[in-house]
């Protein structure tokens, strides 16, 4: 099963893609977020289980174009 959580922030689309396989293994990816802010946005997922691997995507090494404020998260 795949779930996409998307929000607009400052004219940019930020997306978290969460995949859950048949064994219950969860993988997640953040798209549309430059710099270390992606870790802040996806941090809530760490509380769902044991993190076995955490990798930075090329977006992590991009310079953020603006300041991102986190408020209320993706849920509403």
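The values are calculated or read from the model by the stated rules, or taken from the named source; none is laboratory data. Source: prediction; values computed, not measured. Note: ideal-geometry Cβ built from the backbone for every residue, glycine included; neighbour counts use all protein chains shown.
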key: Looking only at the range 1-16, and only at residues there that are out of contact with any strand residue (DSSP E or B) (no Cβ under 8 Å at 6 or more places or on another chain) and part of a loop (DSSP other than H, G, I, E, B), the one that is surrounded by the fewest Cβ atoms within 10 Å (Cβ to Cβ)   = 11
query = Picking from 23, 65, which residue would you name as being in a loop (DSSP other than H, G, I, E, B), surrounded by fewer than 13 Cβ atoms within 10 Å (Cβ to Cβ), out of contact with any helix residue (DSSP H, G or I) (no Cβ under 6 Å at 6 or more places or on another chain) and at pLDDT 85 or above?
reply = 23
